[in-house]
Amino acid sequence: MNLIVLTPEKEIYQGQITSVKVPGISGQFEILNNHAPIVAALGQGDVRIMDAKGEKKIFKIKKGFIEVLKNEVSLLVQGVTE
């Protein structure tokens with residue numbers, strides 16, 4: 001899957017991943033390969049990315065949105081701290 005993480009100021013991450021776990025407003029959920037299309041609001045919490053090399057990246061967000069369509073994952077977030 002391809003992931004892009006954007007804030008209003010800059011691009012935080014862009015690359016191939018195997019999974020991403022996000023803080024949905026009703027609880028955490030994980031996106032894996034061939035996930036059904038979804039658009040969801042995100043709350044405050046950790047975003048955990050597992051890239052194609054098996055390396056983990058974690059950062060905190062205050063809020064945002066996720067969109068998944070045909071193995072393209074977009075995160076639009078605010079309040080990022082690494």
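Read-outs throughout are calculated quantities, based only on the coordinates presented, and are distinct from any laboratory measurement. In this text, all values refer to a predicted model and were calculated from it rather than measured experimentally. A quick note on method: Cβ atoms are made from the backbone with ideal geometry, for glycine too, and the neighbour counts reach across all protein chains shown.
Using only Cα atoms, locate the centre of segment 1-18 and the centre of segment 40-82, then give the distance between them in Å, rounded to an integer.
8
Between Phe59 and Ile4, what length comes free when the chain is fully extended (0.36 nm per residue of separation minus the Cα-Cα distance, one decimal in nm)?
Length difference between fully extended and current span is 18.4 nm.
Enumerate by residue number the trypsin sites (Lys or Arg not before Pro) in the chain meeting two conditions: DSSP loop (anything except H, G, I, E, B), and at most 16 other Cβ atoms within 10 Å of the site's Cβ. Provide the component values of the computation, followed by the final result.
On the way: sites: Lys10, Lys21, Arg48, Lys53, Lys56, Lys57, Lys60, Lys62, Lys63, Lys70; in loops: Lys10, Lys53, Lys62, Lys70.
Sparse-neighbourhood loop trypsin sites (Lys or Arg not before Pro): Lys10, Lys53, Lys62, Lys70.
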